[in-house]
Amino acid sequence: MTEYAFPPGGLPDQSHSPEGRAIFTPSYAFLPADTMRDIVTSFLPGWDGMRCWIIARPLSGFAETFAQYAVELQHGGGSDTPEPDENAQAILFVAKGSLRLSINGEPHNLDPGSYAYIPPQAHWTLRNMSGEIAQFHWIRKRYVPAPGLRAPDPFVTSDAAVAPTKMPDTDLWATTRFVEPTDLRHDCHVNIVTFQPGGLIPFAETHVMEHGLYVLQGTARYLLNTDWVDVGPGDFMWLRAFCPQACVATGDEPFRYLLYKDVNRHPSLCL
């Protein structure tokens, strides 16, 4: 069964060096997995039996479109009122355990690798009804309407159910797209990008989309602006618009990450 990385929690002992690898710059942030410990978790109103790592949030002058959480639920934990902003949409991706999701009264069972899209103004609830801890990634973004387009419908699918799309002329780089790119109702995409060992992005991408990249599996060297950074399971990269990026997969297993990007809308002309 495919395993998906998640924050380790815990607390290093006193022999552990405080000199870390975390980086925060005007163009990107790199939050390695070992920064995501028990003492930096948050507890949110309307939830019970939960804790979360908030690893991205809108920051003026940096990345402004989304927030990203890694959420852990105890047995029976969850929420009947999880989202306080009626204009927010949600993407959930399950890393471990089993969850019961209800969207507008329709129930769904989520297991590792499950992916759910929840549109704005939907009523949803989430509970861990299994006997073990459940862990999932939650991306929140305020929906940006567009003339002539209604909001997307909710849906539930999984990593296993969606065939990756290979990039042109290579078997080493593919993207699992849970949303059809030409569906302009969606103003953001959350995909899984996979590189086989030795695969790479063969140019430094520079584009208008903001990114959150959570490493699910494997290792790579990743270009962030002018810096090459070694990344691995549980590491998070947070890129503002136009930050150059590239990737070279290392190791002997696939390198995979959960990728957020904003799409399909005019840039706002208001600062």
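Some observations on this one:
- Pairs where the first residue, in region 110-133, is without any contact (Cβ under 8 Å) to a residue 24 or more places away in the chain and the second is open to solvent by 60 Å² or more (accessible area, probe 1.4 Å) and not aliphatic (A, V, I, L, M), C-beta under 8 Å, 6+ apart: 123/104; 123/105
- For region 141-196, residues that are surrounded by 14 or more Cβ atoms within 10 Å (Cβ to Cβ) and free of Cβ contacts under 8 Å to residues at least 12 places away in the same chain total 1.
- Candidate set: region 33-61, residues that are assigned to a loop (DSSP other than H, G, I, E, B) and closer than 17 Å to residue 95 by Cβ; chosen: the one least open to solvent (accessible area, probe 1.4 Å): 36
- Wholly enclosed strands (runs of 3 or more DSSP E) of region 91-179 bearing at least 1 residues over 17 Å from the mean Cα position of the chain (by Cα) and of a type in the set (Ser, Thr, Tyr): 99-103, 124-127
- Some residue of region 4-11 being open to solvent by 60 Å² or more (accessible area, probe 1.4 Å) and either among the β-branched types (Val, Ile, Thr) or in contact with a Lys or Arg (Cβ under 7 Å, 6 or more places away or on another chain) (or both): yes
- Under the condition of being open to solvent by 20 Å² or more (accessible area, probe 1.4 Å), among the aromatic types (Phe, Trp, Tyr), touching a strand residue (DSSP E or B) at 6+ places or on another chain (Cβ under 7 Å) and under 30 Å from residue 146 (Cα atoms), the residues counted in region 205-264 number 0.
- Evaluation of residue 122 against the conditions (1) more than 16 Å from residue 213 (Cα to Cα); (2) open to solvent by 40 Å² or more (accessible area, probe 1.4 Å) shows that the sole unmet condition is (2).
The values are calculated or read from the model by the stated rules, or taken from the named source; none is laboratory data. The shown structure was predicted, so the numbers you read here are calculated from the model rather than taken from an experiment. Glycine gets a Cβ as well: all are built from the backbone with ideal geometry, and neighbour counts include every protein chain shown. Note: areas computed on protein heavy atoms with side chains; ligands, DNA, RNA excluded. Shrake-Rupley method; radii C 1.70, N 1.55, O 1.52, S 1.80 Å.
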